[in-house]
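Some notes on the structure that comes next.
Throughout, read-outs are computed from the coordinates displayed, never taken from laboratory work. Every value quoted in this text rests on a predicted model; they were computed, and no experiment measured them. For neighbour counting, all protein chains shown are included, and Cβ atoms are generated from backbone atoms with ideal geometry for every residue, glycine included.
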Amino acid sequence: MDWGLKNRISGIIRPPDGKAVMLAVDHGYFLGPTEKLEAPARAIRPLLRHCDSLMVTRGVLRSSVSATQHIPIVLRVSGGSSIIGEDLSNERITTGIKDALRLNSSALAMSIFVGAKHEHRTIVSLGRLVNEAEEYGMPVLAVTAVGKDMGKDARYLSLACRIAAEQGAHIIKTYYCENFEKVIESCPVPVIIAGGKKIPERDALHLTYNAVNAGAVGVDMGRNIWQSENPVPMIRAVRAIVHGNMKADEAYELYQRLSKPEHAKARA
């Protein structure tokens, strides 16, 4: 692994603890104007100082994130299907490596759809993306999207994560599940967990704690942060677990304390 690639990864999975808090705001590439992300700049701005990296599309990066912000960018480079289309797995690479370099990206992100109709295309595309990205010292994050008929269980997620690692992905984003330790044990590269759909704050914090305790290096969380009634307290509570080794219930108490009116006024 060359110096540039190591350096880029170190901006995402931060030393000295080797953990990561990634903020996911790339949902619009297939969901459109997602609730509470309708105005991306407004949602992103107060959260940037509390995350280690930002997962985003080039369009939202250019339009909604100041170029003076020194935040590592994990650039979503795949797409092609919408939530109203017939098959979300029908994705292709939509953003080239040269544009990613112009945007000073720290990593490229794309989805693979193991068990879906276009499984073959997405896995081959991942391998080709790794080939091209490594010429420029650029790491690739593979997102293990779940096919409609595939459950989020250890057997399936282990399969998807291992295939992504075998294709050369440097970091993998997947879902937390029961027996998550088995997913970690069989995946030779760092794993970050997805937050998924919005759930109660306490549950999201327990999800974070359980995943990190089982071996995940951190989270790539979106809706469970910016769809929270109190996004800044929520991301700070998530960060306290990932980087501060805080227990889930302690982090929830922190979230509640930071959400009180006097703290809200201080943030304004």
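The lysines within cross-link reach of Lys117, meaning a Cα-to-Cα straight distance under 30 Å and a gap of 8 or more places when in the same chain, are Lys98, Lys148, Lys152, Lys173, Lys182, Lys197, Lys198.
Taking each DSSP H run with n ≥ 4 as -39500 (n - 2.57) and averaging over every residue of the chain yields -12000 deg cm²/dmol at 222 nm.
When peptides 59-68, 213-222, 13-22 are ranked by their average number of other Cβ atoms within 10 Å per residue, the highest-first order is 213-222, 13-22, 59-68. Counting only alpha carbon atoms, the long axis of helix 154-166 and the longest principal axis of the chain meet at about 60°. When you work out D = kT/(6 pi eta Rh) for the stretch 3-267 at 25 °C and 0.890 mPa s, using the Kirkwood radius from C-alpha pairs as Rh and the Stokes-Einstein form, the result is 133 µm²/s.
Shown here for the stretch 162-268: trypsin sites (Lys or Arg not before Pro) in loop regions (DSSP other than H, G, I, E, B) with at most 13 other Cβ atoms within 10 Å, namely Lys197. For Leu75, the shell of other residues with beta-carbons less than 10 Å away shows a net charge of 0, using +1 for Lys and Arg and -1 for Asp and Glu. The longest stretch of the chain left intact once loop-based GluC sites (Glu not before Pro) with at most 14 other Cβ atoms within 10 Å are removed from consideration, loops following DSSP, is 179-228.
Here the simple spin-label model places points 7 Å from the Cα toward Cβ, and for Ile84 and Glu35 these points are separated by 1.9 nm.
Relative to the compact-globule estimate of 2.2 N^0.38 Å, the Cα radius of gyration of the stretch 135-268 comes out at 1.13. Electrostatic tally near Asn179: other residues with Cβ closer than 13 Å to its Cβ, Lys and Arg +1, Asp and Glu -1, net -1. Among the cysteines of the chain, those with no neighbouring cysteine Cβ under 4.7 Å are Cys51, Cys177.
Both the radius of gyration and Dmax for the stretch 8-74 are 12.1, 37 Å, in that order, over alpha-carbon atoms. Normalising the average separation of contacting C-alpha pairs (under 8 angstrom, six or more residues apart) by the number of residues puts the relative contact order of the chain at 17 percent.
If a spin label sat at a point 7 angstrom from the Cα of Asn131 along the line to its beta carbon, the backbone N atoms of the stretch 165-204 nearer than 18 Å would be those of 165-170.
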